[in-house]
1. Mind jotting down a quarter of the surface of the convex hull over the alpha carbons of the range 66-183, in square nanometres, one decimal?
2. Can you work out ³J(HN,Hα) from phi for every residue in the range 186-196, in order, using Karplus 6.51 cos²θ - 1.76 cosθ + 1.60 and θ = phi - 60°, giving whole Hz and x for Gly and Pro?
3. In the chain, with Lys and Arg counted as +1 and Asp and Glu as -1 at Cβ, which of these residues, Gly321, Thr263, Cys366, has the Cα nearest the positive end of the dipole, that is, farthest along it?
4. Residues of the range 163-184 with backbone nitrogen within less than 20 Å of a virtual label 7 Å along the Cα-to-Cβ line of Gln21, please, listed as ranges.
5. So if each residue of separation counts as 0.36 nm, and I subtract the Cα-Cα distance between Asp54 and Asp91, what length gain in nm does that give?
6. Pairing the Cα long axis of helix 75-88 with the longest principal axis of the chain, what angle in degrees results, from 0 to 90 and rounded to the nearest 10?
7. Whole-Hz Karplus ³J(HN,Hα) for the range 242-253, in order, using 6.51 cos²θ - 1.76 cosθ + 1.60 and θ = phi - 60°, x for Gly and Pro?
8. What relative contact order, as a whole-number percentage, does the range 58-139 give when Cα pairs under 8 Å and 6 or more residues apart are counted?
Amino acid sequence: MENFTYYAPTKVVFGRDTVAQTGQLAREFGANKVLVLYGGGSAVKSGLLQRVCDVLTAVGLPYALLGGIQPNPRLSKVYEGIDLGRREGVDFLLAVGGGSVIDTAKAVGYGMANDFDVWELYAKRAQAAACLPIGAVVTIAAAGSEMSNSSVITRDDGLLKRGYSSNLGRPRFAVMDPALTFTLPPYQTASGCVDILMHTMERYFHPGPGAALTDVMAEALMGTVLEKSRILMDTPTDYDARAEVMWAGSLSHNDLFECGTGTHGDWACHQMEHELSGMFDVAHGAGLAAIWGSWARYVLPAAPERFDRFARRVMGVGDCGDPLENGRRGIAAFEAFLSAIRMPVNLRQLGLTPSPTQLDALADSCSYHGGRTIGAIQKLDRADIRRIYQNAL
Ligand code: NZQ
Ligand code: ZN
């Protein structure tokens, strides 16, 4: 096993009616005045936002509100949050929502605590020295931002989507009541399940020999999410299925599944998807579903043993004796799963028919104009990336 550092400082308060503890938790982590961030309306409609405001009031915490955060969250909203937070003198950020709201809170936290344009972080031209403390009330199991070190923001002009990672931005606490996710539309539930699977798969498909315990835990997580996501397509209010998926969402992206592997994972699919959701504003998990098969077939020859193991241990494909062929069968089985939960397995099913010029633009942006390669199992340059997008049509 390779050396590693595992840092997962977020206090997780999980289960029914845990929202009631939010005020105390904010107090525990030093809040004197809170900026409550939320999305486009679901938290208002469900009454959750009011509940959160009430529990803050109950512990004597004043707050300001920043609503209207959209999926693939925009930089303009981050600037609005920084201005509002400074004007109101808040010292704590409370995200009520999913990855988009939590990521906006992280960006606002960096913007308020540092003396330069926050986009410099996402443009990889600066490093944060601090971040305001953040708490999260999670309403969708998907991005795992409640325990992750990353945030992803999209520029309004040019729709450039970029991530920034720092331990400073990891939320101090996450309140996770699986019942809050009952109201998710099936498409968002499925898209979230794909993202959860992919956060583990990005780490599972790596070039090294692996680490026994990490591999087996990753396989258990994938198996659990494969099973529970199918249940949720039929029974969206199945509390236990929601709970398993929600906990999987946090564990999948808190770096647990790279411990001892000697790598931080592959991440090529995520890099390629961020271009898609930046340019075309699609749901992140659905974008991953649309691109994964094309990526997997492209890199399969570079790591047939890993794909063979995935096929046998995760997808339950029998051993035909040929790792390459088994790998192909595993990829097909995963795509069949995606279809079963009504996720796209190509760009057309995602609703996109990019022109050749748009494919060029996607590959160009993803490769930083030819200045970087992506992926670990196989390093992919601009031409490789272009082919993978093309094959995903
Ligand atoms: O805005 P509202 O009205 O709340 O609706 C949201 C939104 O339309 C809805 N929703 C959320 N909870 C709901 C609900 N609807 C009904 N009932 C509920 N309980 O779901 C939609 C999607 O919300 P969003 O926050 O965008 O979802 P998700 O958690 O999938 O976040 C996606 C964003 O996170 C980024 C993605 O790129 C994308 O921008 N990611 C962030 C990561 C991180 N910070 O570590 C890692 C990921 O790989 C990912 O890149
Ligand atoms: Zn993701």
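The values are calculated or read from the model by the stated rules, or taken from the named source; none is laboratory data. Source: prediction; values computed, not measured. FYI the Cβ positions are ideal-geometry reconstructions off the backbone, even for glycines, and counts take in every protein chain you see. In case anyone asks, the SASA skips ligands and DNA or RNA and just uses the protein heavy atoms, side chains included. Shrake-Rupley method; radii C 1.70, N 1.55, O 1.52, S 1.80 Å.
1. 6.8
2. With the stated coefficients, the range 186-196 comes to x, 4, 6, 4, 5, 4, x, 4, 5, 4, 4 Hz.
3. Result: Cys366, furthest along the dipole toward the positive end.
4. 170-182
5. Values: separation 37, 0.36 × 37 = 13.32 nm, distance 1.88 nm.
Full-extension gain reported as 11.4 nm.
6. 20
7. Values, residue by residue: 4, 5, 4, 5, 5, 5, 4, x, 6, 5, 5, 10 Hz.
8. Working: 99 pairs, mean separation 27.3, N = 82.
Value for the range 58-139: 33 percent.
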